[in-house]
Ligand code: DSN
């Protein structure tokens, strides 16, 4: 064994101490990555359960294994609750992530070489929607011909008129779109679902709405209702604003159920992570009971934080549109450095955000390594019970880091002080354990 190599016992101990240390940081930090959240203790209980050690291939009631009685009961409940939450006729909770849910939709409704449209990454698109040259799931894995929507930077949204012209032009060259992909990873304002649905009808194409980021807001009835507006398929991950475990789900219509079921199993999964399915079922129940309030508080907090940062001189984009209609904000930090530098500065103070491309970064010669922006989300802080006054305090702390270059140690202790009274998960049925308690069952 080389000198610095860990033996098995040392490795074992190191793994446990790293996990515990992570929980200590989370207790004292401001977690603001827009794609994350803290699930309720009950969801964590589901994740630690024996469900995670079992197989249940196939559909509820038609499994190809024995021993599935309770697994089936829970998955059937998840499906029922999902239908109510998302106004869907069909729910498949088996995709193991949002990317798998998207790949299932690409596989069910398009063939290699088919044309699809999506947002570019600097205009908010997710990597699973992206072109082959970027290694995106649609382009590189399903081999789809990905074209991008013309984008209205002023309003941070898809330019519908220019999209209509682009699609006409592509059609004249013999390329009809198979899928219009909507939804995004920087998702500030609802996408023009109705308009794209109208356009899609002309070409007999499908509209796929990737609502991973906003699923909890949709469940709470404060963002657009994609199926209600006419989308064919609504894919999501279940852990962002929805605050469940890391997993995926597809919501759609009965007429597409068989095509979707077939690709999800056996096409894209054998087993589908039954502990996560139980967690999803719990998160759906929490959403039905509590997210009307939770979703509204998230959006209020985002707008409040946007305004407070803006008033302190930080260039939060889209002020004229009220900054955001969702859980996130996009900030141009180029006056003070690049997104990477600001992300690291904030991290030193236990304020956790991510660097992000801005829609105009490419023109400025910036790329994802050192983009011009940061993206922040308020969904996790809201889940911990924070409200408007805490958003204003956070704006002060962020200003101290970004503009005043204050001492990280001082800011870290102020962050910990602010966090002291916000240790429980709200908007759930039971919260005996604190949000970031490291729970030992060994
Ligand atoms: N890449 C994630 C995000 O942060 O938006 C989504 O998968």
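Here, each number is a calculation from the coordinates, and none is a lab measurement. Since we're looking at a predicted model, the values are computed, not measured. Note that we place each Cβ from the backbone using ideal geometry, even for glycine, and neighbour counts take in every protein chain shown.
Note the full-extension length gain between residue 111 and residue 201 as 0.36 nm times their separation in residues minus their Cα-Cα distance, in nm to one decimal.
Full extension from residue 111 to residue 201 adds 30.5 nm.
To the nearest µm²/s, what D does Stokes-Einstein give for segment 247-302 at 4 °C and 1.567 mPa s, using the Kirkwood radius over alpha carbon pairs as Rh?
After rounding, the answer is 95 µm²/s.
Over the chain, with a Gaussian network built from C-alpha contacts below 10 Å, which listed residue (388, 176, 320) shows the highest mean-square fluctuation?
320
On a full-extension model of 0.36 nm per residue, what is the gain between residue 364 and residue 127, subtracting their alpha-carbon distance, rounded to one decimal in nm?
Gain on extension, residue 364 to residue 127, equals 83.2 nm.
Quick check: Cα centre of segment 343-413 to Cα centre of segment 132-184, how many Å?
Segment 343-413 and segment 132-184 have Cα centres spaced 31 Å from each other.
I'm a student and want to see the number: the projected area of the Cα convex hull of segment 114-164, averaged over all directions, in nm².
3.3 nm²
Round to the nearest 0.05 the FRET efficiency obtained for residue 300 and residue 168 when R0 = 45 Å and r is the Cβ-Cβ distance.
That pair, residue 300 with residue 168, gives E of 0.65.
Using Cα pairs closer than 8 Å and at least 6 residues apart in sequence, work out the relative contact order for segment 148-227, in percent.
Over segment 148-227, the number comes to 27 percent.
Restricting the count to DSSP beta bridges whose residues both fall in segment 117-228, what percent are antiparallel, rounded to a multiple of 5?
20 percent
At what distance in angstrom do the alpha carbon centres of segment 260-295 and segment 188-212 lie from each other?
Their Cα centres are 23 Å away from one another.
Between residue 438 and residue 72, what is the spin-label point distance in nm, taking each point 7 Å from the Cα along the Cα→C-beta axis?
Using points 7 Å along Cα→Cβ, the separation is 4.1 nm.
Let me understand segment 23-157 better: what is its radius of gyration from the alpha carbons, and its Dmax, in angstrom?
Taking only Cα atoms of segment 23-157, I get Rg and Dmax of 19.1, 56 Å.
For the chain, what does the helix formula give at 222 nm: sum of -39500 (n - 2.57) over DSSP H segments with n ≥ 4, over the residue count, nearest 500 deg cm²/dmol?
It lands at -12500 deg cm²/dmol.
Taking the Cα centroid of segment 224-246 and of segment 9-63, what is the distance between the two, rounded to the nearest whole Å?
22 Å
Of all DSSP beta bridges in the chain, what percent run antiparallel (nearest 5)?
Roughly 55 percent of the beta bridges in the chain run antiparallel, per DSSP.
How high is the relative contact order of the chain, in percent, with contacts defined as C-alpha pairs under 8 Å that are six or more residues apart?
Across the chain, relative contact order equals 23 percent.
I'd like the per residue volume of the convex hull spanned by the Cα atoms of segment 135-184, given in cubic angstrom.
Dividing the Cα hull volume of segment 135-184 by its residue count gives 89 Å³.
Per residue, how much space in cubic angstrom lies within the convex hull of the C-alpha atoms of the chain?
Output value, Cα hull per residue: 165 Å³.
Take the Cα of residue 62, step 7 Å along the line toward its Cβ, and report every residue of segment 272-290 whose backbone nitrogen sits under 18 Å from that point.
272
Using a Gaussian network model on the chain with a 10 Å cutoff between Cα atoms, which of 278, 56, 101 fluctuates the most?
56
Please state the relative contact order of segment 16-117 as a whole percent: Cα pairs under 8 Å, 6+ residues apart?
10 percent
What nm value, rounded to one decimal, do you get for the distance between residue 403 and residue 21 when each label is placed 7 Å out toward the C-beta?
3.5 nm
With a 10 Å cut-off between alpha carbons and a GNM built on the chain, which of 133, 382, 241 moves the most?
Largest GNM mean-square fluctuation: 133.
Share of Cα-Cα pairs in segment 337-416 beyond 14 Å, in percent?
64 percent
What fraction, in whole percent, of alpha-carbon pairs in segment 191-254 exceed 18 Å separation?
For segment 191-254, the share of Cα pairs beyond 18 Å comes to 34 percent.
If I take R0 = 56 Å and measure r between the Cβ atoms of residue 5 and residue 289 in this structure, what FRET efficiency does the formula 1/(1 + (r/R0)^6) give, to the nearest 0.05?
After rounding, the FRET efficiency stands at 0.65.
How fast does segment 198-297 diffuse by Stokes-Einstein, in µm²/s, taking the Kirkwood radius from C-alpha pairs at 4 °C and 1.567 mPa s?
89 µm²/s
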